[in-house]
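See below for the structure under consideration.
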C-alpha cells in the first residue's frame, strides 16, 4: 500500500509531499490541475524511462520517492532472489540528474529499471482506457481465490518451505556441478600421473643422457684424437716414447754423479711409464668406440620425452619436473568424492517435496471448496447488472512442478450465452 509520495523538481512541481491514510484516497481537480503529473511521477517509480525534459529547474536534480507498506504482499522471496534487503516498509527512489543520467534505488540499494518494473507490478495498478486489467492474470486470479479461502497462514508456510526447497535444489545443482568438475579434474590429473609413470623419471637422468648423447655423436672425433695420441706417443717416426728412451739412456751414464741427476733420470722413466699408460688407454678407447645409430636414437627419444614434459608443465630443470610430479600426486590425493553429500541433499529435497505436496493439497482443497460459491456469487452480481446469461467458471489443473503458490493451475473463464443458445465466449 502506498503510504507516502515525495516529489522534487518534477514537471511543474518544485517540492511536494503527500501522505496517504489507510483506506481509499481520491484526488480530484479540473483539467490541468496536475493529476496526470502525479501519475507521471508514479510512472518513474514503476521504472518508466525519463529525460531532462521533466526537470522543473534544469540546473537541479529531480527525484521521486515513494514509501509502501508491504507486509501483506509476500515479497520476501523476490527480495532474496534479487539480493535485496527486505523490510515491511519499502522505499523506492528515482533520481534524474541535469545531465540526463537516471538512477533507481530500493531501500537505498541501486537497482536496474527491470527490477523496479517487476517489483512495482505487485504494488501499483494504474488503469487507463484500453489497459489490460490484472484480473486476466492467473497470479491475480489465484490471489482472489486464496483470499476467499483464507489461505494466508498455510500459504505463508508453503512459501517459506518453497523458498527453502529452492535454495536446497540450487545447492544440490551447484554440488553436482562441482562434483562433475572434480571428476573431470581427477581424470585429467590421472592422465598426467600416467604420463609421469610411463616416463619413469630418475634424478639427474637428463644431465647423464645429454652427456651420453654428446659422446655418442662424437664417436669419430674420439677415435681420431685417440689414434693421434697413439701415433704421437709410440707409433710415429719421431714417437715421444722413442725419444724419451734415447734421452734416458744418454742421461743414465751420469745419473750416479749427483742426486739431482738421479732424480731427473727417475722422472724421465716415470714420464715414459705415464705416456705408455696414456697410449694404451687411448688405444683401448679407440678400439672400443664406434658410431651407434640405434643408441643415439634411443637416447634422443628419451631426452625428447623429458623435454616434452618440461615444456608441458612449464619447468626447465629435472628437479623442477620431479617436484611437479609430486605436486600433482598430492593434489590428486586431496580430491574427495562428493557422492555422499549429494545423496544426503537428495534425501533432504525428497522430504521437502513431500511436505510441499501436503501443504499444496491443503491449499488446493481450500481453493476448490470456495470455487462453487465464487461462481454463484459472481453470477448473481452479473444478474443484478442485467447480464442474466453471463457466468464465470474457474478452471483448475495440476502443475507438473511446484510453483511459489502450490501445484494448482487456475484460470477464471467468462461465459456468455446469448438467446438461450449454447453460444459462448470464454477468455482467461
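The values are calculated or read from the model by the stated rules, or taken from the named source; none is laboratory data. Only a predicted model underlies this, so the values are computations on that prediction, with no experimental measurement involved. No Cβ is skipped: glycine too gets one built from the backbone with ideal geometry, and neighbour counts run over all protein chains shown.
Below is a table of values for the structure above.
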| quantity | calculated |
| --- | --- |
| The stretch 306-321, residues that are crowded, with 16+ Cβ neighbours inside 10 Å and either touching a residue at least 12 places away in the same chain (Cβ under 8 Å) or touching a strand residue (DSSP E or B) at 6+ places or on another chain (Cβ under 7 Å) (or both) | 306, 309, 318, 321 |
| Residues (assigned to a helix (DSSP H, G or I), without any contact (Cβ under 8 Å) to a residue 24 or more places away in the chain and within 60 Å of the chain's Cα centre (by Cα)) located in the stretch 207-264 | 208, 211, 214, 215 |
| Pairs with Cβ under 9 Å, 6+ apart, first in the stretch 92-116 and without any contact (Cβ under 8 Å) to a residue 12 or more places away in the chain, second assigned to a loop (DSSP other than H, G, I, E, B) | 103/97; 112/47 |
| Failed criterion for residue 71 (all others in (1) in a helix (DSSP H, G or I); (2) more than 22 Å from residue 10 (Cβ to Cβ) hold) | (1) |
| Criterion: modelled with pLDDT under 90 and touching a strand residue (DSSP E or B) at 6+ places or on another chain (Cβ under 6 Å) - qualifying residue of 41, 80 | 41 |
| Some residue of the stretch 4-23 being in contact (Cβ under 8 Å) with a residue 24 or more places away in the chain and out of contact with any strand residue (DSSP E or B) (no Cβ under 9 Å at 6 or more places or on another chain) | yes |
| Test result for residue 347, touching a helix residue (DSSP H, G or I) at 6+ places or on another chain (Cβ under 6 Å) and under 30 Å from residue 164 (Cβ atoms) | no |
| Complete set of residues in the stretch 211-227 that are modelled with pLDDT of 85 or more and closer than 18 Å to residue 300 by Cα | 211 |
| Some residue of the stretch 150-165 being touching a residue at least 12 places away in the same chain (Cβ under 8 Å), closer than 21 Å to residue 411 by Cβ, assigned to a helix (DSSP H, G or I) and outside the structural domain of residue 308 (by TED's automatic domain parsing) | yes |
| Some residue of the stretch 268-290 being touching a strand residue (DSSP E or B) at 6+ places or on another chain (Cβ under 6 Å) and free of Cβ contacts under 8 Å to residues at least 60 places away in the same chain | no |
| Scan of the stretch 363-372 for residues that are in contact with a helix residue (DSSP H, G or I) (Cβ under 8 Å, 6 or more places away or on another chain) and surrounded by fewer than 16 Cβ atoms within 10 Å (Cβ to Cβ), ordered by number | 369 |
| Residue selected from the stretch 362-388 under the condition touching a residue at least 24 places away in the same chain (Cβ under 8 Å) and touching a strand residue (DSSP E or B) at 6+ places or on another chain (Cβ under 8 Å), by the criterion farthest from residue 144 (Cα to Cα) | 387 |
| Residue in the stretch 83-99 that is at pLDDT below 85, out of contact with any strand residue (DSSP E or B) (no Cβ under 9 Å at 6 or more places or on another chain), assigned to a loop (DSSP other than H, G, I, E, B) and closer than 21 Å to residue 12 by Cβ present | no |
| Qualifying residue in the stretch 375-391 (condition: surrounded by 13 or more Cβ atoms within 10 Å (Cβ to Cβ) and assigned to a strand (DSSP E or B)) | yes |
